[in-house]
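Below: one structure, written as C-alpha cells.
The values are calculated or read from the model by the stated rules, or taken from the named source; none is laboratory data. The structure presented is a predicted model; accordingly, all values stated were derived computationally and were not measured. Quick reminder, even Gly has a Cβ in these numbers, built from the backbone with ideal geometry, and neighbours come from all protein chains shown. Remember, those area values only see protein heavy atoms, side chains included, never the ligands or the DNA or RNA. Shrake-Rupley method; radii C 1.70, N 1.55, O 1.52, S 1.80 Å.
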Amino acid sequence: MEDGKEQHYVTEHSLGRKLFLWLVTMSVGILLALVTTEVALRVSGLVPSKELRTVTESQFNAIPGLFAPGQAFVSRKNPALPYTITIDNRGFRVTGGGDQSHGPPTILYIGDSFTFGDYVDDAESLPALLEASLRERCENIRVINAGVGGTTIVDHQHILNRTLSSTTDLVILQFSENDVEDLLGVPSVWDGLASNRQRKSEFPLSVVYPTLRNTALWNAGLQAYGAYREHRKIRQVQPLPVERQDSIMLAMRDQYQRALYQFRDSVAPRGVPLLLVMYPNHEEVLQGNSEQMDWLEEIARNGDIPSVNLLGPLAESGLSSTELFLFPHDGHASPRGYAIAAEFLISKAFSDSRAGNPCASGSSLQDWTSGDHDAKPAPSFAPLQGSIATLVPNPGP
C-alpha cells in the first residue's frame, strides 16, 4: 500500500512538473512571438508605435478636449503621409495660437477628421488656416479645433455641450460627406470613447496601458478594430435590396436633420451665432454637383442655419483630385484643398477688416464678422444684429 501511495505521489509530481514546464514553454513562446511581431511591425513601418491618445477618465473630468494634453509627435499612421500632431493643454489640436484657453474672440470649430485635419500638419488644418487668416486683422483671435475623427452629428452635440463657453463668439459645425452614413456606427464614437476611458481606468489595463499605448501591437489592434467597425457598418446596408437601402438612407437623413436642429437650438440660447460648413468628397468635386449637399443646404435654409458650401470653389479651382485630396494614399483633403476652402470661407463669412483694431476693447467677433450687410437676418438669430447669422444667408427658394 505504501508503495502504491508513493508511486501515485511520484506520478502526480511528474504531471505537475510537466504541466509547469509546458506553461513556461508556452509563455516564453508567446512572449517571443509578441516581441518578434512588435519588432517586425516597427521595422516595416506598417504600424506606428506612437499614435494619438485620447483622455483618461481623470483628464476627461478636468479638461474640455478629448485628446490627452501635451502630445507632440509625428504620426505615421499612414507611412506615406507622415504629419505633425500637437495637442494643447486643454485637449485640442493646436491651430497656431498656442494656448487656446483665453483671448477673445473665440471660434469653436466642430467636426470630424476633415476638421481635425488627418494627414496634414498642425498649421495646415482648416481651423488653423482660418485662424492664421483672421489673425491678420485680429491678432488675439482663437480658433479651437474641436475636430474628432469618425464623429458625426450626435457626437458633435456632446462635444458642443463640453466646449461651448461664455468666451465663445461663433460656432462652426462642419459637415463631411460620410456624416449621414456614420449614424449607422454602433456604438457611437462618443460611447466608444467612454467605454475606452472606463477600461483604461480599471485594473489590469490601468497598470499596463501606459506601456501598451506606445507599442505597434496595441496600435495594430486599434486599427483592426476601426476596420471592423467600418466593415460591420457596411454589412448593415450593402446586402439589402436597393429600395431598402434608400429607405435606410432617408431615415438616417431624417435623424441627421433632427439632430442638426437640436444642435442649433443648443447654441441659440447662448446668443452665439452658428455657421454650417459643408466639405465635399472627391467624387462630388469631380462631378461638380452633389445631391446630398443640395439636401443639406435646403434643410439648413429651412432651419434658419447660415451655411457655406465648399463644393463650388473646390470644383471651380480646376485642380485634380490628387491635388485637392491626398490620393492615391488617402481620401482626406490635401493642404492645397484646405487652403482653397479657408480662403472661400473667409470671403463668404467674414468682412474686410474695419478701420482700427477689430479686437479693441469692447468689441467682439459679432462686431466685425460680416458678408452681405444688406442681408436679412435669419429669424432665429434676429437679436444678433451684425453677427455671422445675418451675414451668410442661404439663397431663397
Selected residue (criterion: nearest to I346 (Cα to Cα)) from residues of the stretch 266-317 that are of a type in the set (A, V, I, L, M, F, W, C) and in contact with a Gly (Cβ under 7 Å, 6 or more places away or on another chain): L314
Pair list, Cβ < 6 Å and 6+ apart or interchain, from the stretch 328-340 residues that are farther than 9 Å from G117 by Cβ to residues that are of a type in the set (S, T, Y) and open to solvent by less than 50 Å² (accessible area, probe 1.4 Å): D330/Y119; I340/S317
Some residue of the stretch 232-243 being open to solvent by less than 80 Å² (accessible area, probe 1.4 Å) and either under 20 Å from V171 (Cα atoms) or not in a helix (DSSP H, G or I) (or both): yes
Residue match in the stretch 305-314 (condition: at pLDDT 50 or above and either touching a Lys or Arg at 6+ places or on another chain (Cβ under 6 Å) or open to solvent by 40 Å² or more (accessible area, probe 1.4 Å) (or both)): yes
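Listed here are the residues, each with its yes/no results for (1) open to solvent by 40 Å² or more (accessible area, probe 1.4 Å); (2) modelled with pLDDT of 95 or more; (3) outside any strand (DSSP E or B).
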position	(1), (2), (3)
F114	no, yes, yes
P127	no, yes, yes
C138	no, no, yes
N145	no, yes, no
G150	yes, no, yes
N161	yes, yes, yes
S166	yes, no, yes
Pairs with Cβ under 6 Å, 6+ apart, first in the stretch 119-144 and within 18 Å of P82 (Cβ to Cβ), second of a type in the set (V, I, T) and open to solvent by 40 Å² or more (accessible area, probe 1.4 Å): D121/T84; D122/T84; D122/T86
Near pairs, Cβ below 8 angstrom, 6+ apart or cross-chain, from the stretch 195-206 (free of Cβ contacts under 8 Å to residues at least 60 places away in the same chain and over 13 Å from Q59 (Cβ atoms)) to any residue that is outside any helix (DSSP H, G or I) and open to solvent by less than 90 Å² (accessible area, probe 1.4 Å): S195/P187
Some residue of the stretch 27-46 being at pLDDT 80 or above, farther than 17 Å from D122 by Cβ and touching a Pro at 6+ places or on another chain (Cβ under 8 Å): no
Residue ID - most open to solvent (accessible area, probe 1.4 Å), chosen from residues in the stretch 26-44 that are without any contact (Cβ under 8 Å) to a residue 40 or more places away in the chain and not hydrophobic (A, V, I, L, M, F, W, C): T36
Pair list, Cβ under 6 Å, 6 or more apart: the stretch 53-70 residue aromatic (F, W, Y) and assigned to a helix (DSSP H, G or I), other residue open to solvent by less than 30 Å² (accessible area, probe 1.4 Å) and modelled with pLDDT under 95: F60/R197
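For the stretch 45-83, give me each residue that is basic (K, R) and open to solvent by less than 50 Å² (accessible area, probe 1.4 Å).
Taking the stretch 45-83 as the starting set, the residues that turn out to be basic (K, R) are 50, 53, 76-77.
Once the filter is applied, which keeps residues that are basic (K, R) and open to solvent by less than 50 Å² (accessible area, probe 1.4 Å), the stretch 45-83 yields only R53.
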Exclusive hit being modelled with pLDDT under 85, of a type in the set (S, T, N, Q) and open to solvent by 60 Å² or more (accessible area, probe 1.4 Å), set S201, S206: S201
